[in-house]
Structures are given as structure tokens and as C-alpha cells.
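The values are calculated or read from the model by the stated rules, or taken from the named source; none is laboratory data. Treat the numbers as computed from the prediction; the structure is a model and nothing was measured. Every residue, glycine as well, gets a Cβ built from its backbone with ideal geometry; the counts of neighbours run over all protein chains shown. To get the accessible areas, we keep the full protein, side chains included, count just its heavy atoms, and leave off ligands, DNA and RNA. Shrake-Rupley method; radii C 1.70, N 1.55, O 1.52, S 1.80 Å.
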Amino acid sequence: MPSLRERFTNYLNGDNIVSRLLGKAEERTGIKKYYLATGSICSLGLYLVFGYGASLVCNLIGFVYPAYRSIKAIESADKTDDTIWLTYWVVYGVFSVVEFFSDIFLFWFPFYYLGKCAFLLWCMAPFTWNGSQTIYSRFIRPTFLKHHQTVDSVVSDLSGQALNTAENVTRQVLQTLTSSRSLLAPEGGQQALPSTSHSKNQ
């Protein structure tokens, strides 16, 4: 099994957008892609620890590239990449919900955003044992298979109640409008009679 460094080197030498960008930078600067990549990762790590707006940078990393890859997956004929990025977004959604409740207690840790960014990068990493595949297969999928019938019944009941509520509200609004028109009609008729008789006398 290749080491993490070998996998990293193979990825940098592969055919992907990161490799192409680093290749162009290598041609202009003369610095090897490996050093450019490690230097960029170290700089990003330091910024996430000490820089301003680390939360925004971290969220952009977790959203922009996956959104770009998801659009490409939708437009491609292959459905395998659709499953890969759908899995990522499921894990990302669950993580966002968990983070909403834990962020109050964890955001002040110095390495919080660095850890969050590393977690999101692991979830979108281009290998089979990345974070989204691991978390989905070990935690989310078993939980879903165990409770999805209960969730479906609850969602169905809530949908039925919402439709009934909407129908009742619509019916009450229509009845109110109808009764209002019936109350206003005699007043309009009484006001119209004098003008009619006056025109006949003339």
C-alpha cells in the first residue's frame, strides 16, 4: 500500500485541475510542483490559524470546488461521479447541522478552522477512502436504513397536515371574502337607487 506522500505525489502528477495549475506555475517560476503544493498548504494552514476571515476561506474551500465538480458531474454521461458528489453533499449537510450546535463552543480554539478545512479536504479527496465515503458508509447509511421508514411516515404525516391546513385556510379566506361582498352589496344598491330615480325625473 503506497504511503501518503506517494499518493500525494501521484495526485500532483496526475491529470486534474490542481496538477494543471501547478504545472503552469512550475513553468513560470521554475519551482517543482511538489514544493509549490506543500508551500501553498503550509501557507493556507498558517492563514487559517492566524489570518483574518478564516471562516470564510474555509467555507469557500468546502463549497466552491465541490460545486464546480458537481456541475461537471451533472453534465457528464457517467453517473459514478454523480454518486460521489451526492455523497459529499449529504456528509456536508450533516456536518453543517452538527457544526451549527458545536460552533459556539469550538470556534475559539486556535486550530478549529484548520481542522475544519482539513476535514472538508479529506471529504472531497479524490480517492475511495475519502471522508465522505467513509462517514457515509459507516454512520449515515446504517442510520438511514434503520430509521428511514419512520422518517418517511413522519414526513408523509407532516405533508398531509400541511395540505389540510392550506385547504382550511384557503376555504376560510374564500368564505370571508364571500361574506364581505354580501354585506357590502346592499349599501351599494341603496346608493345607486337615488341617482337612478333622479335621472328619470330629469
Practice item. Identify, by number, the condition in (1) modelled with pLDDT of 80 or more; (2) farther than 30 Å from Asn13 by Cα that Ser182 doesn't meet. Key: (1)
Exercise for review: State whether the residues of the range 6-21 include one that is open to solvent by 70 Å² or more (accessible area, probe 1.4 Å), modelled with pLDDT under 80, among the polar types (S, T, N, Q) and out of contact with any helix residue (DSSP H, G or I) (no Cβ under 7 Å at 6 or more places or on another chain).
Suggested key: yes
Review point. Of the residues that sit in the range 74-91 and are farther than 23 Å from Phe139 by Cα and at pLDDT below 90, which one is most open to solvent (accessible area, probe 1.4 Å)?
Key: Lys79
Review point. Do we have any residue at all in the range 105-118 that's out of contact with any strand residue (DSSP E or B) (no Cβ under 9 Å at 6 or more places or on another chain) and under 21 Å from Leu21 (Cβ atoms)?
Key: yes
**Study point:** Number of the exception - Thr29 against (1) surrounded by 13 or more Cβ atoms within 10 Å (Cβ to Cβ); (2) at pLDDT 85 or above; (3) over 24 Å from the mean Cα position of the chain (by Cα)
**Key:** (1)
Exercise for review: Test Gly51 against the stated conditions and say whether it is more than 21 Å from Asn130 (Cα to Cα) and either open to solvent by less than 80 Å² (accessible area, probe 1.4 Å) or at pLDDT 90 or above (or both).
Suggested key: yes
Check your understanding: Can you tell which of Ala118, Ala162 is in a helix (DSSP H, G or I) and surrounded by 12 or more Cβ atoms within 10 Å (Cβ to Cβ)?
Key -> Ala118
Point to revise | Among (1) within 24 Å of Gly45 (Cα to Cα); (2) open to solvent by less than 90 Å² (accessible area, probe 1.4 Å), the one test that Phe111 misses | key: (2)
Practice item. Consider Gln190 carefully, then state whether it is open to solvent by 80 Å² or more (accessible area, probe 1.4 Å), in a helix (DSSP H, G or I), at pLDDT 80 or above and not charged (D, E, K, R). Key: no
**Study point:** Cβ pairs under 6 Å, 6+ apart, first in the range 136-165 and under 25 Å from Phe95 (Cα atoms), second surrounded by 10 or more Cβ atoms within 10 Å (Cβ to Cβ)
**Key:** Tyr136/Thr87; Tyr136/Val91
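Restricting to the range 103-161, count the residues that are charged (D, E, K, R), modelled with pLDDT of 80 or more and under 30 Å from Leu56 (Cβ atoms).
1
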